[in-house]
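Below you'll find the structure, written out as structure tokens, and then a few comments.
FYI, it's all coordinate maths here, none of it is from the lab. Fair warning: this is a prediction, and the values are worked out from it, not measured in the lab. Neighbour counts are summed over all protein chains in view; Cβ atoms, including those assigned to glycine, are modelled from backbone coordinates with ideal geometry.
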Amino acid sequence: RIKPDIYISQRDRSVAAISSARARLAQAQAQFTQAELSFKRTKQLFEEQTISESEYEQAEASYNVAKSEVDAARYSVISSEASLKEANENLVKTSIYSPMTGTVSMLLVELGERVAGTNLMAGTEILRIADLSRMEARVEVNENDIVRVTQGDTALIQVDAYLNDKFRGIVTEIANSAKTTGVSADQVTNFDVKIFILPESYKNLSAAGGNPFRPGMSTTVEIQTERKEGILTVPIQSVTTRMDTSKVHFKSAREDIRTLVFATDGKYALAKDVRTGIQDNNYIEIISGLEDSSRVISAPFSAISKKLSDSTLIEIVKKEDLFNVK
């Protein structure tokens with residue numbers, strides 16, 4: 001709260017000025033009424049040729065002056081009312097009210113500190129208020145992935161402070177302009193995405209009292225851009241690429257690159273050309289090229305990506321024994 005003494009004095013002067021202006025208006029209206037009656041009588045006498053023309057002109061001039069004084073007094077009242085309105089607004093501004101209901105999340109100025117704010121410089125930020133009942137996560141999405149993100153997409157949010165919990169959210173805003181970081185060839189182009197965290201997904205944490213989240217907490221977000229059920233998937237590390245050696249290819253010919261999954265009959269690796277679809281962090285959809293009953297090789301990745309070829313002799317081992325050195 002700012003000390004309001006000066007603004008109270010200005011408001012009181014404005015109140016007195018408007019009272020004085022209204023009194024002058026009433027006086028001017030009374031004088032105008034008197035001048036109007038006098039002018040009407042003089043006009044009638046002039047028409048009857050009882051008085052001279054100069055006396056008539058004098059009465060007419062007095063009437064016009066009285067009428068102008070009423071207009072002037074009326075505008076004076078309007079001006080005084082505007083001054084009073086401005087004085088009241090300045091007085092109200094001595095108390096700072098929050099534009100929203102919330103919790104003070106950051107206090108930047110203490111009692112007694114000086115704040116700057118003029119027409120030539122930005123005002124001083126005093127505090128920040130956050131509505132902790134409506135939390136959102138802000139993430140940066142790479143330009144290659146942003147084209148698949150749309151408003152309304154669902155998301156799974158993991159907050160570092162609650163590693164054992166995942167919270168549901170909905171994409172509410174997607175930035176139209178990019179946010180570039182880095183320099184020269186190392187530039188990374190990302191887009192800001194805002195995700196509203198659904199309160200029902202952290203209801204169990206709120207039951208303990210207070211709000212479980214605080215502004216500035218670190219999060220990891222998985223945005224679900226597409227969802228399919230009942231599809232064939234394989235571990236993402238099972239999919240690799242090979243150059244199609246059966247064709248004459250050029251360095252930039254992407255169509256000569258085969259997408260492969262190595263299946264097995266229990267003894268040999270069998271290269272399968274596949275067409276892939278959507279994927280998450282662990283699995284990728286196989287649209288065609290592989291049977292539901294096929295057994296696929298999922299590790300080690302170094303062998304899948306470089307060493308394996310069609311009809312390579314393999315040995316099937318348990319996952320836990322794969323990297324054990326004997």
Among 191-197, 38-44, 235-241, the order from most to least packed when residues are scored by Cβ within 10 Å on average: 191-197, 235-241, 38-44
Percent relative contact order of the chain, based on C-alpha pairs within less than 8 angstrom and at least six residues apart? 11
Residues whose modelled amide H sits under 5 Å from the amide H of residue 312, counting only those 5 or more places away in sequence or on another chain, are 269
Which lysines have a Cα lying under 24 Å from the Cα of residue 67, excluding residues fewer than 8 positions away in the same chain? 40, 43
For the range 66-167, restrict the atom set to alpha-carbon positions and state the Rg and Dmax in Å. 25.7, 85
Helix 53-92 vs. the chain, principal-axis angle (Cα, 0 to 90°, nearest 10): 30
What's the angle, to the nearest 10 degrees (0 to 90), between helix 5-47's Cα axis and the longest principal axis of the chain? 50
Pairs 267/319; 194/228; 272/319; 166/194: which are spaced more than 19 Å apart, C-alpha to C-alpha? 194/228; 272/319
Show me, for the range 195-206, the HN-Hα J-couplings you get by feeding each phi into the Karplus relation (A = 6.51, B = -1.76, C = 1.60, θ = phi - 60°), rounded to Hz, glycine and proline as x. 10, 7, 8, 5, x, 5, 7, 10, 4, 5, 7, 5
Over the alpha carbons of the chain, what is the largest minus smallest coordinate on each principal axis, giving the biggest first in Å? 137, 51, 42
Order 98-111, 15-28 from most to least packed using the mean count of other Cβ atoms within 10 Å. 15-28, 98-111
Mean projection area, nm², convex hull over Cα of the range 5-92: 5.8
Ranking 53, 60 by Cβ neighbours within 10 Å, fewest first, what do you get? 53, 60
